[in-house]
Amino acid sequence: MLSPQRKDYVSLTLGDQHSSSYTNGKHRRQSCWRKWKQLSRLQRSLILFLLAFLFICGILSYSNLTEQWRGLSDRSMKEDWVEMDNRGLRPIPPGLIPKLPGVAPGVIQDIPPEVLPELQRPNIPLLPKPQAMRKPPSKRGPPALQKRVNVTDPQLKDREKPVIMKEDEGGTEAKTVISWRGAMIEAEQGTELQITLHGKEAGTDFEEGASLKPVTVKPVDRAEAVREAFKHAWKGYKAFAWGHDELKPISRTHAEWFGLGLTLIDALDTMWILDLKEEFAEARKWVETELSFSKNVDVNLFESTIRILGGLLSTYHLTGDTLFLDKAKDIGFRLMPAFKTPSKIPFSDVNIGKGTAHPPRWTTDSTVAEVTSIQLEFRELSRLTQDPQYQKAVEEVTKQVHKLEGKHDGLVPMFINTNSGKFTRKGAFTLGARADSYYEYLLKQWLQGGKKETELLEDYLQAIEGVKKNLLRQTSPSKLTFVGELANGHLNPKMDHLVCFLPGTLALGTHNGLPDDHMDLAQQLMETCHQMYAQMETGLSPEIAHFNMQYQNGRDIDVKPADRHNLLRPETVESLFYMYRFTKDNKYRDWGWDILQSFNKYTRVPSGGYTSISNVRDPSNPAPRDKMESFFLGETLKYLFLLFVDDTELISLDKYVFNTEAHPLPIWPSTS
């Protein structure tokens, strides 16, 4: 109940509808900031994003309009584009002309132009032409005839000339387009379109009416290119490693393995075959005056046999110089203690000064390839000396391996025990490291002895059937045939570069009357070995390749980081040599030429020599390893020369058999 003193009242406010309202300060207009704060966080974020988007679009639109206005106002630029379009030219960014693409810095800078393919225009990235300034094609003729050169413009004339970098400028031509055993196609000949000294293309119809004849191009002498490569490698060896085992071309020093001048001896017969008389004379003098085997040094029986004994025997047969036979007798006799084992399976290491032998420190096993790939050399030494001890020792090994248990369809394990004479670690079968040359020497011993030793042939044929049954597979998507490895009953789609000896060996067998399907397999495997080079960015094969048998990323070949090195190995060019000799198919020569070009591009060292590299997948940085293996001179360059030379009677394959280090030994006369 209200107090009687309080009185109720009603307040009424009248106002004009056209007058501004007045709230006496209690309901003032809210500010923009308060309204912004009242929005939710999501609403504020959306508004900010929209404003930012509109701001960026405005900037881009302004930039494009500015460029268009500037281009339309610059008549001289437009006229230049039209002029250059008529000539088939585009401007080249400043500073790029001397820089040749794809050349690894610090490796190849001194290849003489006369041994390289004819130069082509450098593959230099060009500036894009604005779309609005493209000129429709001229109707005066085909596109090839619309590209003309204004010979009055010296700058354009210079651009049309091929870029030739002199040797002392460190340039090369631009193109448009511990392990086992130590460790762009040119115009052919005739005529073609060439840029003449007047900056015109020969053989085309010119408005000036000038009559020009096609320019005759001298074909590249590929065999001479190999000679030059050998001279360059020898230059480095002579300057920095003379009389030592191996050259380290990057650091310009040497490395020792046995301390016996390994590279020099390995290269003796190569120099003779390449007709490098001066280099051979220098090497012979060193052998006569400096080479001594009476050293307290451990050497590997297998490596010493195939490189030193094989190299000396081969050089003796090619030259008739008894100096090399005497040295071969010396080293052969010093290697014999290796056979003094309970099983007659030789130890892996021999001290040629003390006359003692022993297995590796970590095992009593020898590898099967080591003990079964010394027969060609020791058998030949016995034939020459009329001393049967050498042949008897190695043939005892062959007989034991022939009858051993543990083979798998003719395939042999990788290890054999020198005490028991039996295979060990029987779970893995491969034609790669530690087993490869066992199969090679089965065939070659049969050939060396005049095709009389049928047990050798039987073992070889059984092994090839075992390869077909157990190791042969095809890739996806290109159906490349490869030889994998069998490990505990499971196939590993892994193939060493060493396996690329097999196409040549198969072809050699077919040439000597073995089944024709061996040649079919040889051709398939040769394609695979070629692709191991062609699919790599440097054009050089990795040491080990893994093959895809199911469709994966569109590639047939994968390479693991640890397997990306290239050691200048010879096996692929070896097989290319055999394949060309027996088929006369020039593609094998072309493939070999591609390989030589890649060696020159990524492994050649300016001061002399070639280096192995660590990464065949990175042309900008192949990572030189600073080592030139002796087999690069003893095998790789020798097989390349024999591939390119036209005289097929030079080391006839009906008269000689090559050992596994590419040293040719004679096939015995039928009276032997």
Revision key, fill the gap. The size of the Cβ-based charge dipole (Lys, Arg +1; Asp, Glu -1) of region 478-636 about the Cα centre, to the nearest 20 debye, is 380
Practice item. Using amide H atoms built 1.01 Å from N in the peptide plane, name the residues 5+ places from Lys422, or on other chains, whose amide H lies under 5 Å from its own. Key: Asn417
Revision key, fill the gap. Taking only the alpha carbons of region 631-672, the radius of gyration and the largest Cα-Cα distance, Dmax, both in angstrom, are 11.5, 36
Check your understanding: Hey, what's region 413-563 come to in accessible area per residue, 1.4 Å probe, Å²?
Key -> 37
Practice item. Using the Cα centre as the reference, give the magnitude of the dipole from point charges on the C-beta atoms of region 347-409 (Lys, Arg: +1; Asp, Glu: -1; all else neutral), rounded to the nearest 20 debye. Key: 140
**Study point:** Two-site FRET efficiency, Asp409 against Asp520, from Cβ-Cβ distance with R₀ of 22 Å, rounded to 0.05
**Key:** 0.65
Check your understanding: For region 530-601, which trypsin sites (Lys or Arg not before Pro) are both in a DSSP coil and crowded by at most 10 other Cβ atoms within 10 Å?
Key -> Lys584
Exercise for review: Measure off, as a whole percent, the carbon and sulfur share of the 1.4 Å-probe accessible area of region 288-331, all protein chains present.
Suggested key: 36
Practice item. Mind putting a number on the dipole of region 550-672 about its Cα centre? Charges go on the C-beta only, +1 for Lys and Arg and -1 for Asp and Glu, and I need it in Debye to the nearest 20. Key: 320
Check your understanding: Cα-Cα over 29 Å: which of Lys403/Lys638; Lys468/Lys601; Lys444/Lys469; Lys238/Lys329; Lys285/Lys392?
Key -> Lys403/Lys638; Lys468/Lys601; Lys285/Lys392
Revision key, fill the gap. D (µm²/s, integer) via Stokes-Einstein for region 487-556, Kirkwood Rh across alpha-carbon pairs, 4 °C, 1.567 mPa s: value 96
**Study point:** Accessible surface ranking that places the most exposed of Asp585, Asp496 first, with a 1.4 angstrom probe
**Key:** Asp585, Asp496
Practice item. Give the distance, in whole Å, between the Cα centre of region 431-445 and the Cα centre of region 375-398. Key: 18
Review point. Considering only protein heavy atoms and a 1.4 Å probe, what is the carbon-and-sulfur percentage of the accessible area of region 402-528?
Key: 48
Review point. Amide H to amide H, which residues 5 or more places from Phe658 or on other chains are under 5 Å from it, using H placed in the peptide plane?
Key: Leu665
Review point. Chymotrypsin sites (Phe, Trp or Tyr not before Pro) within region 326-371: which are DSSP loop residues with at most 14 other Cβ atoms inside 10 Å?
Key: Trp362
Practice item. Would you work out what percent of the accessible area of region 543-667, with all protein chains in place, is carbon or sulfur (probe 1.4 Å)? Key: 44
Check your understanding: Whose amide H sits under 5 Å from the amide H of Thr356, counting only residues 5 or more places off or on another chain, with H placed in the peptide plane?
Key -> Asn351
Review point. Loop-only check: which GluC sites (Glu not before Pro) in region 476-548 are DSSP coil with at most 13 other Cβ within 10 angstrom?
Key: none
**Study point:** Estimated FRET transfer efficiency when R0 is 35 angstrom, pair Asn492-Leu323 (beta carbons, to 0.05)
**Key:** 0.15
Review point. Between Lys584 and Lys340, 0.36 nm times their residue separation minus their Cα-Cα distance comes to what?
Key: 83.1 nm
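The values are calculated or read from the model by the stated rules, or taken from the named source; none is laboratory data. Predicted model only: the values in this text are computed from it and were never measured. All Cβ positions, glycine included, derive from the backbone under ideal geometry; neighbour counts span all protein chains shown. The area values use the complete protein model at the heavy-atom level, side chains included, leaving out ligands, DNA and RNA. Shrake-Rupley method; radii C 1.70, N 1.55, O 1.52, S 1.80 Å.
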